[in-house]
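The values are calculated or read from the model by the stated rules, or taken from the named source; none is laboratory data. This is a predicted model, so every value here is computed, not measured. Here the Cβ positions follow ideal geometry from the backbone for every residue, glycine too, while neighbour counts run over all protein chains shown. In case anyone asks, the SASA skips ligands and DNA or RNA and just uses the protein heavy atoms, side chains included. Shrake-Rupley method; radii C 1.70, N 1.55, O 1.52, S 1.80 Å.
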Amino acid sequence: MTSAIGILGTGAYLPAREVGNDELAALVPDTTAEWILRKTAIRSRRYAAPDEAASDLAAGAAQAALADAGLTAGRVDHIIVCTSTGDYPLPPTASVVQQLVGADAAACFDLNAVCAGFVYGLEVARGLIIANPGAHVLLIGVDVYSRFLDFHDRRSAVLLGDGAGAVVLGTVSDGQGILGIDLSTRGDAQDLLRIPAGGSRSPASAESIATGGHFLRMQGRAVREFVLEHIPPSVDKLLANADVRVEEIDCFVPHQANGVLIQELAARCGLADTPMVHVVEQHGNTGSASVPIGLDHAVREGTVKPGGLVLLSAFGSGMSVGNGLLRWGGGPA
């Protein structure tokens, strides 16, 4: 029987270009820097350089996570890239990352649950290691949403940025690592957040470009209502299954969708007094990279300590929900 499975190392990569609210307000009609801050609690976000794609950001985060875990790329058995903004429709971005980091022995694939992708990826990675005891999985969340923003739509344009976060998973000491994961999807709410064109239902065409079909579209108020309705019951179920009280959580790492929303979510989940990662102010919403970037920040700032209970919470287009509970360890078993 395999040992407990957990995170051996974390890493993150943010592009160099920082876009503040003043710069963004000049691009987005009927918007001011004060309005953006008040509605989102975001002050700035990062945009990838013209020659940077999702794989470049992902490779930077992957190399940092491998270094933190003390592993070479040759020790990686699987690479999972969680993204909805990959380099190409095909091949998978994970295969590009494999080449960039030199993980030649790894089996690679992409996973798309949008902003919930990283937590979904944790469950997939756990299954891979259970099936292959001793394996190492490089799990990366990355998105480059700046390429899909309509700067005439302030509901979405002010929120999103680019970035990548990564972890290395393997066996850890008993009692540590992943204690539980709860996943769910409500396909009947799929219209709340989408990019309408570019897939097999509406391939790229002159018409799809002219009508803005390749830009992200979001029903912001409905997304907020979905999150506040569906995340708390999932958290309650996860904690009950793990026999953990909400008061025992040492660090809350939510998807950094909107700074105002995650404060509301923490209160709704009974976590208002729990230390919470809040990097959205500097990074904006980085999609599937949001949770691993936040986790890496918490580890490096000392908010996450060995033995601490860490709650990860994510939600994304689809509409998908993913919550995970970890007992933070001190390294491999």
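In this simple spin-label model, placing a label point 7 Å from the Cα along the Cα-to-Cβ direction at both Thr211 and Ala272 gives a separation of 4.6 nm.
Counting only trypsin sites (Lys or Arg not before Pro) that are in a DSSP loop and have at most 14 other C-beta atoms within 10 Å, tell me the longest site-free stretch of the chain. Formally, the longest exposed-site-free interval is 1-185. Coupling constants for segment 149-157 follow from the phi torsions by the Karplus curve (6.51 cos²θ - 1.76 cosθ + 1.60, θ = phi - 60°), and in residue order they are 9, 9, 6, 9, 10, 6, 5, 10, 4 Hz; glycine and proline get x. Note that segment 246-256 has calculated 3J(HN,Hα) couplings of 4, 5, 7, 5, 9, 8, 10, 10, x, 4, 7 Hz, one per residue in order, obtained from phi through the Karplus relation 6.51 cos²θ - 1.76 cosθ + 1.60 (θ = phi - 60°); glycine and proline are x. The mean accessible area for residues of segment 34-177, using a 1.4 Å probe and ignoring ligands and nucleic acids, is 37 Å² per residue.
With both partners inside the chain, how many of the DSSP beta bridges are antiparallel, as a percent to the nearest 5? Each step should come with its number before you reach the end.
On the way: 39 of 55 bridges.
Around 70 percent antiparallel, to the nearest 5.
For the chain, the mean residue ellipticity at 222 nm estimated from helices alone is -10000 deg cm²/dmol, where every DSSP H run of n ≥ 4 contributes -39500 (n - 2.57) and the total is divided by all residues, rounded to the nearest 500. Principal-axis analysis of the Cα atoms of the chain puts helix 54-69 at an angle of about 30° to the longest axis.
Each Lys or Arg adds one and each Asp or Glu subtracts one; over the other residues with Cβ under 14 Å from the Cβ of Leu122, this totals 0.
Give, to the nearest whole percent, the P(r) tail of segment 120-192 beyond 16 angstrom, counting all Cα pairs. Present the calculation step by step, with values, prior to reporting the outcome.
Details: 1746 of 2628 pairs.
Value for segment 120-192 (Cα pairs over 16 Å): 66 percent.
FRET efficiency for the pair Arg17 and Arg147, taken as 1/(1 + (r/R0)^6) with r the Cβ-Cβ distance and R0 = 22 Å, rounds to 0.95. Charge dipole of segment 210-268 (Cα centre as origin; +1 on each Lys and Arg Cβ, -1 on each Asp and Glu Cβ, all else neutral): 400 debye, rounded to the nearest 20. Taken as Cα centroids, segment 295-330 and segment 256-273 sit 14 Å apart, rounded to the nearest whole angstrom. With angles folded into 0 to 90 degrees, how steeply does helix 259-268 sit against the dominant principal axis of the chain? Use alpha carbons for both and round to 10. Approximately 50 degrees, to the nearest ten. Rounded to the nearest whole angstrom, the semi-axes of the ellipsoid equivalent to segment 204-260, taken from the Cα gyration tensor as √(5λ), stand at 38, 12, 11, largest first. Taken about its Cα centre, segment 11-73 carries a charge dipole of roughly 240 debye when the Cβ of each Lys and Arg holds +1 and the Cβ of each Asp and Glu holds -1. Here segment 20-97 is described by how far its Cα atoms reach on the three principal axes: 50, 30, 20 Å, from widest to narrowest.
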